[in-house]
């Protein structure tokens, strides 16, 4: 059956939005990688103008009418899925009054800007003054979204990043992890205390690291005709699906973080490069959620990248591009990349400690948004949970404690769970792959990575947002999210 | 007196346009320097969407009303100048029917695309098939603009690049050049036949050339906090005044073209970087014309760059960044950079032969637009004029003859005069500077370039489009364009 006029008009509107988003993405990438400092003010003004335009396009009353009309007339399943995602994007732009959005942007910018110095100065009291306003406005946002969507305030915020996910589920999933994780960390540390490992020696010139990174990206199937690798202060995956821009940062005294960062961002990039070309202009053609996106980067970084089979595959490349030394032997690389050491900082955390950082933040931000605690209660809770989950003492150390992340400074509450959900999905995918391919690690070690890419391409990348997350995962894995695979993966890798 | 409401509203509209133009400029720069091939289709669509938006903004009937209202109410001279330039931009967008603009875009894109192969294949007949349509549409455009502006058709097209310039003036100016130029070229060639010069030896690694280029840009006052140097197939100066992006291309067997190209683009860049910051969002705050823009790049390339005093200043830098060799002695560099040799190709032409290439094109394109000749008459005219002006035989050689330039393929008739006008303005500026600074060359050789930059900043850059071109030049030089300075400059440099 042919498209209704309402749906056809929606396609035209979302195509325009897609093109504006293209310009915003490229200008944003340029800002982070290329732009000299004096370009900043004009760039910010241009980007803000584009945001106003996109918001006006999405809040045009005619679009709302067409959406309602098309929903009544939708014929095919594909069209219904497309409309569901359009509706979602419409809601994000329309459920909040413009004054609140503007107040949040201002308060967030002010808090984030001041935070950069306050963090360096360990100044929690100063931070609190701006942060209270951010919390107040985020609670208003959560309340408004919650009453429109019929869910709890925190779920309403999480819904921006993980559509359909409920904190009741997260509570159950993270509650279980909290039971087994601390014990596992202790056992692994005891085991690793007896291991002998060699540390890489030498300084590693940036250009050689870059060449190594490009070689590994090639191995991982990155399409260089549809993307680039550049440098930025904070690594990210940006650009557009047709032209994916990933970045890293280099330290001449340590290549390991940069290399694994490139592998991580390449996972994000292949998701974008693998989205169905004929749907890119529509919301249904975009990545499913932040958790699913993270499941791709973590499939690459954790399931592949830190896998001893993969490390044995790239060991010769490391020797070729950097230098040949005993520390780059496959067994030693595996030891280096699986070292467990509880610490203060989430972004520096190893695979095993990372979930503890996320659970801590989730519990605090949920209580904060639901009004169970106030902003000034955060440091005490932070200390208590760091002690309990990781045995780390952060008292008085706000800089390496509750001031370390950027997320809360601009009100991005509800995002943190995505990191650990991504790690869990990734573990589940690989468990499913291993079920049908018992020789998966041998294949990986032999460089036959296409079996992994084909599985991800078929089950995740090409599906975009056609299905809600649970259905996407069920179709891929035969069951929805099952965190047992994550635990099994960690025990196998770190105690096996 | 305070602004009228109409003028205030115009400011808001042109500020929006300025921000959209920012995004278009950065996306365009990225396309030429960074974008991988598969990004092209999405980028073209995004850019076209932005063009539609900008055109719609400029053709909004409310803007036309405000413009008329504000013109009646304008109080200050500054406001009247601002409105004059707004009116000019409005006319460019509003005088032509959308169907013609679209037909021209299509015909131009088709002709230019096919030309890339046709040029390589020396295929004039094939080119002619697409080109006839381009000419037909450009004649329509010229006719429409001419009747609205009360001028000749060719003047109407030239007005897009050189507001206010008349072909009657160009005829007179170029007519005089045609009289003395061929004889001057002959005499210079006879003189140079007896010169002994050393050719640079060696291969020059790209990174060393880049460092040399950056050092010379620094010497020329380029603000690296407000711009960058990158690589593209066709060198250009792009970006925005707050963030100027210049490019070059490198050949390892020849650093001379790249270095002089960088000096040329740095001239364009300093004009943009020197435009008044408080007017950047308005048409009156932009560069005056293409000829005046070219006068800045040629002030840098011809008046400074190929000046023996300047070459003696950068000789040590060339030795430092490339290698020390006899060919890099100041006197030999001056010989190398003033070598005269008539040839087929405009962009490879030396300072002396360049005007002949431009005059030839001007005469042919004017006759074509005015309907005195048809497209098929071009090759014979080209041959005749190349023989007459430069003594070069191009018969049957379309590739290096009338198919060499991109300008006509997409209908950019009226642009060519700007190149030689720019060279003439630049010669005039430096004659004026020398009048008050008899030791200018000693100062240049000593590295005291600020006297040149101060003059240009004060007289050209900071004036933007406040005055019509003639008035700008009169205020700067005490008289409007006087081509005698150009002839005197060439005779002094090449026969002196």
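The values are calculated or read from the model by the stated rules, or taken from the named source; none is laboratory data. Everything numeric in this text was worked out from a predicted model, so none of it was measured. All Cβ positions, glycine included, derive from the backbone under ideal geometry; neighbour counts span all protein chains shown.
To keep it simple, each residue is scored yes or no on (1) within 20 Å of residue A:138 (Cβ to Cβ); (2) touching a helix residue (DSSP H, G or I) at 6+ places or on another chain (Cβ under 7 Å).
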| residue | (1), (2) |
| --- | --- |
| A:60 | no, no |
| A:66 | no, yes |
| A:69 | no, yes |
| A:77 | no, no |
| A:80 | no, no |
| A:86 | no, yes |
| A:91 | yes, no |
| A:96 | yes, yes |
Within the range A:437-467, tally of residues that are in a helix (DSSP H, G or I) and under 25 Å from the mean Cα position of the chain (by Cα): 14
Checklist (1) in contact (Cβ under 8 Å) with a residue 60 or more places away in the chain; (2) in contact with a helix residue (DSSP H, G or I) (Cβ under 7 Å, 6 or more places away or on another chain); (3) more than 18 Å from residue A:281 (Cβ to Cβ) applied to residue A:29, failing item: (2)
Residues that are assigned to a helix (DSSP H, G or I) and more than 12 Å from the chain's Cα centre (by Cα), drawn from the range A:411-433: A:424, A:425, A:426, A:427, A:428, A:429, A:430, A:431, A:432, A:433
Failed item, numbered, when residue A:225 is tested on (1) more than 14 Å from chain B (Cβ to nearest Cβ); (2) touching a helix residue (DSSP H, G or I) at 6+ places or on another chain (Cβ under 7 Å); (3) exposed (fewer than 13 other Cβ atoms within 10 Å of the Cβ): (1)
Filter result for the condition that a residue is more than 26 Å from the chain's Cα centre (by Cα) and surrounded by fewer than 19 Cβ atoms within 10 Å (Cβ to Cβ), over A:102, A:71: A:71
Any hit, the range A:230-238, residues being surrounded by fewer than 22 Cβ atoms within 10 Å (Cβ to Cβ), part of a strand (DSSP E or B), in contact with a helix residue (DSSP H, G or I) (Cβ under 6 Å, 6 or more places away or on another chain) and within 14 Å of chain B (Cβ to nearest Cβ): yes
In the range B:227-247, the residues that are without any contact (Cβ under 8 Å) to a residue 60 or more places away in the chain and farther than 24 Å from residue A:40 by Cα: B:235
Top-ranked residue in the range A:239-263 [being under 15 Å from residue A:314 (Cα atoms) and out of contact with any strand residue (DSSP E or B) (no Cβ under 8 Å at 6 or more places or on another chain); ranked as surrounded by the fewest Cβ atoms within 10 Å (Cβ to Cβ)]: A:256
Residue A:42 without any contact (Cβ under 8 Å) to a residue 24 or more places away in the chain, assigned to a helix (DSSP H, G or I), in contact with a strand residue (DSSP E or B) (Cβ under 9 Å, 6 or more places away or on another chain) and within 10 Å of another protein chain (Cβ to nearest Cβ): yes
Test result for residue A:380, over 30 Å from residue A:491 (Cβ atoms), in contact with a helix residue (DSSP H, G or I) (Cβ under 9 Å, 6 or more places away or on another chain) and in a helix (DSSP H, G or I): no
Residue in the range A:329-339 that is over 27 Å from residue A:186 (Cβ atoms) and either in the same structural domain as residue A:225 (by TED's automatic domain parsing) or part of a helix (DSSP H, G or I) (or both) present: yes
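Table: residues versus (1) touching a residue at least 60 places away in the same chain (Cβ under 8 Å); (2) out of contact with any helix residue (DSSP H, G or I) (no Cβ under 6 Å at 6 or more places or on another chain).
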site	(1), (2)
A:141	yes, yes
A:145	no, no
A:151	no, yes
A:157	yes, no
A:173	yes, yes
A:193	no, yes
A:205	no, yes
A:217	no, no
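Here is a yes/no grid of residues against (1) within 30 Å of residue A:317 (Cβ to Cβ); (2) at pLDDT below 95; (3) surrounded by 14 or more Cβ atoms within 10 Å (Cβ to Cβ); (4) not assigned by TED's automatic domain parsing to the domain that holds residue A:297:
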position	(1), (2), (3), (4)
A:445	yes, no, yes, no
A:451	yes, no, yes, no
A:459	yes, no, yes, no
A:463	no, no, yes, no
A:469	no, no, yes, no
A:473	no, no, yes, no
A:478	no, no, no, no
Members of the range A:395-414 that are surrounded by fewer than 21 Cβ atoms within 10 Å (Cβ to Cβ), in contact with a helix residue (DSSP H, G or I) (Cβ under 6 Å, 6 or more places away or on another chain) and in contact (Cβ under 8 Å) with a residue 60 or more places away in the chain: A:399, A:410
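Considering every residue within the range A:73-85, establish whether at least one is within 12 Å of another protein chain (Cβ to nearest Cβ) and either in a helix (DSSP H, G or I) or at pLDDT 95 or above (or both).
Checking the range A:73-85: not a single residue is within 12 Å of another protein chain (Cβ to nearest Cβ) and either in a helix (DSSP H, G or I) or at pLDDT 95 or above (or both).
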Flag if residue A:349 is touching a residue at least 40 places away in the same chain (Cβ under 8 Å) and either surrounded by 19 or more Cβ atoms within 10 Å (Cβ to Cβ) or more than 18 Å from residue A:162 (Cβ to Cβ) (or both): no
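Would it be correct to say that residue B:104 is assigned by TED's automatic domain parsing to the domain that holds residue B:170 and in contact (Cβ under 8 Å) with a residue 40 or more places away in the chain?
no
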Top-ranked residue in the range A:205-217 [being within 14 Å of chain B (Cβ to nearest Cβ) and within 22 Å of residue A:445 (Cα to Cα); ranked as surrounded by the most Cβ atoms within 10 Å (Cβ to Cβ)]: A:217
Number of the condition not met by residue B:35 [criteria: (1) in contact with a helix residue (DSSP H, G or I) (Cβ under 8 Å, 6 or more places away or on another chain); (2) within 14 Å of chain A (Cβ to nearest Cβ); (3) surrounded by fewer than 17 Cβ atoms within 10 Å (Cβ to Cβ)]: (3)
So residue B:56, is it assigned to a helix (DSSP H, G or I) and within 14 Å of chain A (Cβ to nearest Cβ): yes
Tally, over the range A:1-32, of residues that are away from every other protein chain (no Cβ under 11 Å), at pLDDT below 95 and either within 26 Å of the chain's Cα centre (by Cα) or under 26 Å from residue B:14 (Cα atoms) (or both): 1
Test result for residue A:62, at pLDDT 95 or above, part of a helix (DSSP H, G or I) and at the interface with chain B (Cβ under 9 Å from one of its Cβ atoms): no
